[in-house]
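Worksheet for the structure shown next.
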Amino acid sequence: MSPLNKRIQIIIGSTRSARVGDQVGEYVKQVVQENSPSFYEYEIVDLRDHPLPFFDEVAIPAYKTYAKDHTFKWSSKISEADAFIFVSPEYNGSIPAVLKNAIDFLYQEWKNKPTVIVSYANKGGSGAAANLRAITTRIGMKVAETMPALISTNDVRDPATNRIADTNKAFAPQKESIIQAAKELIELINSTAVTSAA
Ligand SMILES: Cc1cc2nc3c(=O)[nH]c(=O)nc-3n(C[C@H](O)[C@H](O)[C@H](O)COP(=O)(O)O)c2cc1C
């Protein structure tokens, strides 16, 4: 990867066995990749590949004085990114505990980094998005205004598998909002780079 390239991690916030979060994450990746210059590199970060216990660090994460191997590994992964796209389902009006836990483990690795929030649920997941906006703002992230909300209700699923039957078709109504959010993310990355250099 060229040092001029920017790496954007797409964090999948659902880990349950019957999830559709992987499909939503892949769809978002496809749309943002097709609609941004090639020096923006998008990488899926699946929380299933970064298993963490319930928060068990000794010190407050803001001090970055970690004691646990799993925290060092998670910190190292998240430090690779210049920006993030969170892809979160709505569980009981908020985000899954596994995603909140993964966020809580770190602090400086998130701070000042631009981010987009994509939610999905039976009704789009505006409750999850609002909560995630509050959390990411609280830890100093720069959150894009547009928050795409994708509908993952039974109407768009294959009844035999419960998977999204066709993500291109199911999420077509929200495609423009994903493109708009990606544009805002790139603007935030560019303005962050200018501010850091000043
Ligand atoms: C524990 C749980 C709670 C849920 N709560 C809500 C909710 O508050 N609002 C909503 O619209 N959908 C809710 N749903 C539906 C999910 O958002 C929807 O099924 C989504 O596709 C789940 O994402 P996943 O399959 O990637 O885990 C809930 C699902 C689960 C498993």
Can you name the residue in the stretch 2-21 that is of a type in the set (Gly, Ala, Ser) and more than 9 Å from the ligand (Cβ to nearest atom) and is also most open to solvent (accessible area, probe 1.4 Å) among such residues? Ser17
Looking at (1) farther than 22 Å from Tyr91 by Cβ; (2) free of Cβ contacts under 8 Å to residues at least 60 places away in the same chain; (3) in contact with a strand residue (DSSP E or B) (Cβ under 6 Å, 6 or more places away or on another chain); (4) open to solvent by less than 50 Å² (accessible area, probe 1.4 Å), which is the only condition Val143 fails? (1)
Quickly run through the stretch 159-182 and pick out the residues that are open to solvent by 60 Å² or more (accessible area, probe 1.4 Å), outside any helix (DSSP H, G or I) and not polar (S, T, N, Q). Pro159, Ala160, Arg163, Ala165, Asp166
For the condition open to solvent by 20 Å² or more (accessible area, probe 1.4 Å), of a type in the set (Asp, Glu) and closer than 24 Å to Lys175 by Cα, what is the one hit in Glu90, Glu80? Glu90
Segments classed as strands (runs of 3 or more DSSP E), wholly inside the stretch 43-158, with at least 2 members that are under 26 Å from Lys6 (Cβ atoms) and more than 14 Å from the ligand (Cβ to nearest atom): 83-89, 114-121
The number of residues in the stretch 155-182 that are over 21 Å from Pro89 (Cβ atoms) and in contact (Cβ under 8 Å) with a residue 60 or more places away in the chain is 1
Would you tally the residues in the stretch 122-140 being hydrophobic (A, V, I, L, M, F, W, C) and open to solvent by less than 10 Å² (accessible area, probe 1.4 Å)? 3
Residue count, the stretch 165-183, condition farther than 16 Å from Pro114 by Cα and of a type in the set (Lys, Arg), comes to 2
Kindly indicate whether Ser36 is surrounded by 14 or more Cβ atoms within 10 Å (Cβ to Cβ) and not hydrophobic (A, V, I, L, M, F, W, C). yes
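The values are calculated or read from the model by the stated rules, or taken from the named source; none is laboratory data. What you are looking at is a predicted structure, and each value in this text was computed from that prediction instead of being measured. Glycine gets a Cβ as well: all are built from the backbone with ideal geometry, and neighbour counts include every protein chain shown. Each accessible area value is taken on the protein alone, full model and side chains, heavy atoms only, with ligands, DNA and RNA left out. Shrake-Rupley method; radii C 1.70, N 1.55, O 1.52, S 1.80 Å.
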